[in-house]
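Take a look at the structure set out below.
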Amino acid sequence: MKRSLLIFAVLMLFGWTAAVAQQRDTTATQQQVPEGMVEIQASEVPAPVQEALRSANYTGWEQGTFYRNENSDLYLVQIGEGAEAKHYYFDKNGTPSMAPRKE
């Protein structure tokens, strides 16, 4: 009886370990869309913004995520993911811009 109880406990421990190991923290990988911005395709980014991104300051922009402000001509390029992500704002003429302030 004790032996079968021990075997049952060990199997339960293995089952619990396997279940916990399969859980993933998706909060770090999910991207938060900045307020007032809508995600767009790279092909929708104006040519002057794309030209500005070609400088050495924005390495990796081709794989970035692109956003456009719903109410203005402000564009955002997010390069990287999670805590390592860098955000760059541009106006429609490709001029770097400051991040919008929250009111």
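The values are calculated or read from the model by the stated rules, or taken from the named source; none is laboratory data. Since this is a predicted model, take the numbers as computed values, not measurements. When we count neighbours, we look across all protein chains shown, and the Cβ atoms used for this are built from the backbone with ideal geometry, even at glycine.
I'd like the full set of residues that are hydrophobic (A, V, I, L, M, F, W, C) and surrounded by 15 or more Cβ atoms within 10 Å (Cβ to Cβ), limited to the range 81-103.
Phe90
Consider Ala9 carefully, then state whether it is modelled with pLDDT under 70, out of contact with any Leu (no Cβ under 8 Å at 6 or more places or on another chain) and of a type in the set (A, V, I, L, M, F, W, C). Let's see the steps before the verdict.
On the way: modelled with pLDDT under 70: yes; out of contact with any Leu (no Cβ under 8 Å at 6 or more places or on another chain): yes; of a type in the set (A, V, I, L, M, F, W, C): yes.
The answer is yes for Ala9.
Does the range 81-95 hold any residues that are in contact with a strand residue (DSSP E or B) (Cβ under 6 Å, 6 or more places away or on another chain) and more than 15 Å from Pro34 (Cα to Cα), and which are they?
Quick first cut of the range 81-95, residues in contact with a strand residue (DSSP E or B) (Cβ under 6 Å, 6 or more places away or on another chain) only: 85-91.
Matches in the range 81-95: Asp91 only.
Name the residues in the range 86-103 that are touching a Gly at 6+ places or on another chain (Cβ under 9 Å) and within 21 Å of Glu51 (Cα to Cα), would you?
Scanning the range 86-103 gives Lys86, Tyr88.
I'm trying to understand the selection: among the residues of the range 61-86, which are free of Cβ contacts under 8 Å to residues at least 40 places away in the same chain, over 16 Å from Ala99 (Cα atoms) and assigned to a loop (DSSP other than H, G, I, E, B)?
Matches in the range 61-86: Gly64, Gly80.
Can you tell me which residue is surrounded by the most Cβ atoms within 10 Å (Cβ to Cβ) among those in the range 28-60 that are without any contact (Cβ under 8 Å) to a residue 24 or more places away in the chain and within 16 Å of the chain's Cα centre (by Cα)?
Gly60
Can you report the number of residues in the range 71-80 which are under 15 Å from Val33 (Cβ atoms) and surrounded by 13 or more Cβ atoms within 10 Å (Cβ to Cβ)? If you could, list the steps in order and put the result at the bottom.
Here is the first cut: in the range 71-80, the ones under 15 Å from Val33 (Cβ atoms) are 71, 74-78.
So of that shortlist, the ones also surrounded by 13 or more Cβ atoms within 10 Å (Cβ to Cβ) come out as 74-78.
Residues meeting the conditions: 5.
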